[in-house]
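Below: one structure, written as structure tokens.
The values are calculated or read from the model by the stated rules, or taken from the named source; none is laboratory data. From a predicted model like this one, the values you see are computed outputs, not experimental measurements. All Cβ positions, glycine included, derive from the backbone under ideal geometry; neighbour counts span all protein chains shown. The accessibility values were calculated without ligands, DNA or RNA, using every heavy atom of the protein model including side chains. Shrake-Rupley method; radii C 1.70, N 1.55, O 1.52, S 1.80 Å.
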Amino acid sequence: MNLPTEVRYRPYTDWTDGEKTKIKENVGKSPWRASYHIEPETGLLNDPNGFSYFNGKFQLFYQSWPFGAAHGLKQWVHTESEDLVHFTETGVKLLPDHENDSHGAYSGSAYQIGDKLFIFYTGNVRDENWIRDPRQIGAWMDKNYKIKKIDKVLIKKPTDVTEHFRDPQIFDYKGQFYAIIGAQNHNKQGFIKFYKAVDNDVENWVEVGDLDFGGTGSEYMIECPNIVFVDGKPVLLYCPQGLDKAELDYNNIYPNTYKIFQDFDPEKAALVGGTPIINLDYGFEAYATQGFNTPDGRALIVSWIGLPDVDYPTDKYDYQGAMSLVKELSIKDGKLYQYPVEAITSLRTRQEDFSEKTATTNTYELELNFQANTQTELVLFADQEGNGLSLTVDTAKGKVILDRSKAGEQYATDFGTSRECTLDAGQAATANIFVDNSIVEIFFNKGEKVFTSRVFPSAEQTGIKVASGNVSGHYFDLKY
Ligand code: FRU
């Protein structure tokens, strides 16, 4: 939603209790609130931030502007979880209250160091002429979740980047801390800066160089770069805005992509032996994906189910955006798989054989089997006429199409109303489909291909229909 700058950058302390209550009441009128996904209590949620393990729990913050469905003065909102499925919002926030983050506490990462959590993020600062000076800054969170900001700027804007320099990710490689930061050069090309913590002191960073990951610079900016190690291989996850479609076919306003590498050479600032660039997700929205390696070596990711510069049907209820399920990464036959963590099955309350339904609660999981060389069209959120979210799975051709043109309220139609991906032709396939009122996450072959999407059904769209073909499997009611 477009709101004037004065509204979006109004100091938090100026908002009255009456105004805040009104916003909350408006959110309460939405027919589309999710039940087992993180959504903002009010206002806008965007990137996952500070995803980490600390104090015996998983920590996950998110970018937020709490006063409406717009990108305003950003803060971080904190949640914690023991099982990566049930998250509790604690009320702890990283506020834009310092001279180094006066115009927003932008995205970043976190890592436990000693008995504290080190938070590494971008302070968005603008001067009186609205010229931006991005500052990479830090904070320490203690075990009582009290946050203390570090006063000095940890990494200043280098001379070879424009005002677009943000989203530091700290990671540990063989006991040494490194950081990567998304950047734009003066030719308006996206790239990634690579830093090393001097003597492993995270308050003291030195530039190693520009990260060599085989980028072409066809994008104008790289947001939210992350390196995670999956089954021993470095994987770079990143959001190359404006990427040339000749380089990678994508339909969303901005893509979220990855490359798998054979090796990492920090001395040379190089990721070595990379695959071509690949879409991380084939759905209508998944962005700013953040990953980290857990102390026990797993690679976990979580995505923003939303996109920058897109208006959503929930905007009229003063909120926007959700977090995806937490997914674990693995590599099989050279391919990256992403699938919800094991504990997701704890949401299953009742199970039955899959069949058509006229009415559901729209909070369920389907686990489906598609035979080889068959064509099936399934309609989720189906109404009496059979209109809803259409999913066509053609295992003969190895093609999947997700079409939301008849599923409730339409938006972002300039970017098309269907999405597709390929599977191996002539092979049977499985799909696990997680439906949560206005969110759908579909995992083919246990995470080989993923579609993450919003859909805003009308009140009558609660059914499941098999429009053609044949499919078997299970239906599970899910309860948070
Ligand atoms: C990505 C992003 C980041 C930035 C943040 C601001 O969605 O633009 O690059 O740090 O959002 O909220």
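What to note about this one:
- Residue match in segment 29-39 (condition: acidic (Asp, Glu) and in a strand (DSSP E or B)): no
- Boolean, VAL400 is at pLDDT 95 or above and within 21 Å of SER35 (Cβ to Cβ): no
- Filter result (hydrophobic (A, V, I, L, M, F, W, C) and more than 16 Å from the ligand (Cβ to nearest atom)) within segment 131-152: ILE131, TRP140, MET141, ILE147, ILE150
- Taking the numbered list (1) buried (at least 22 other Cβ atoms within 10 Å of the Cβ); (2) under 25 Å from PHE177 (Cα atoms); (3) among the hydroxyl-bearing types (Ser, Thr, Tyr) in turn, SER64 passes all entries but (2).
- Taking each residue of segment 113-126 that is in the same structural domain as GLN59 (by TED's automatic domain parsing) and closer than 15 Å to PHE58 by Cα and looking for partners that are of a type outside the set (Phe, Trp, Tyr) and surrounded by fewer than 22 Cβ atoms within 10 Å (Cβ to Cβ) with beta-carbon atoms closer than 7 Å, six or more apart or interchain, yields ILE113/VAL202; ASP115/LYS143; LYS116/ASP142; PHE118/VAL202.
- Condition met for THR361 (of a type in the set (Ser, Thr, Tyr), at pLDDT 95 or above and part of a strand (DSSP E or B)): no
- When residues of segment 121-160 are limited to those that are of a type in the set (A, V, I, L, M) and out of contact with any Lys or Arg (no Cβ under 9 Å at 6 or more places or on another chain), the one least open to solvent (accessible area, probe 1.4 Å): ILE150
- Among the residues listed as GLU163, GLU219, the single one being within 16 Å of the ligand (Cβ to nearest atom) and under 15 Å from LEU243 (Cβ atoms): GLU219
- Flag if THR452 is in a strand (DSSP E or B) and farther than 23 Å from GLN351 by Cβ: yes
- Residue check for VAL208: more than 25 Å from ARG135 (Cα to Cα) and either assigned by TED's automatic domain parsing to the domain that holds SER109 or more than 16 Å from the ligand (Cβ to nearest atom) (or both): no
- Of all the numbered requirements in (1) within 26 Å of the chain's Cα centre (by Cα); (2) more than 29 Å from GLY242 (Cβ to Cβ); (3) open to solvent by 10 Å² or more (accessible area, probe 1.4 Å), VAL379 misses one, and that requirement is (3).
- Any chance ASP14 is over 30 Å from GLU409 (Cβ atoms), open to solvent by 60 Å² or more (accessible area, probe 1.4 Å) and not basic (Lys, Arg): yes
- In segment 301-314 there is no residue matching the filter, namely being hydroxyl-bearing (Ser, Thr, Tyr) and outside the structural domain of TYR106 (by TED's automatic domain parsing).
- Considering residues of segment 300-333 that are of a type in the set (Asp, Glu) and within 16 Å of the ligand (Cβ to nearest atom) only, the residue farthest from ARG33 (Cα to Cα): ASP309
- In segment 357-386, the residues that are over 21 Å from LYS406 (Cβ atoms) and hydrophobic (A, V, I, L, M, F, W, C) reach residues that are open to solvent by 40 Å² or more (accessible area, probe 1.4 Å) and at pLDDT 95 or above with C-beta atoms within less than 8 angstrom, at least six apart or across chains, in these pairs: PHE370/ALA428; PHE370/THR430; ALA372/ALA396; ALA372/GLN427; ALA372/ALA428.
- Identity of the residue in segment 389-426, touching a Pro at 6+ places or on another chain (Cβ under 7 Å) and small (Gly, Ala, Ser), that ends up surrounded by the most Cβ atoms within 10 Å (Cβ to Cβ): ALA407
- Considering segment 303-322, the residues that are aliphatic (A, V, I, L, M) and crowded, with 24+ Cβ neighbours inside 10 Å include one that is nearest to ILE433 (Cα to Cα), namely ILE305.
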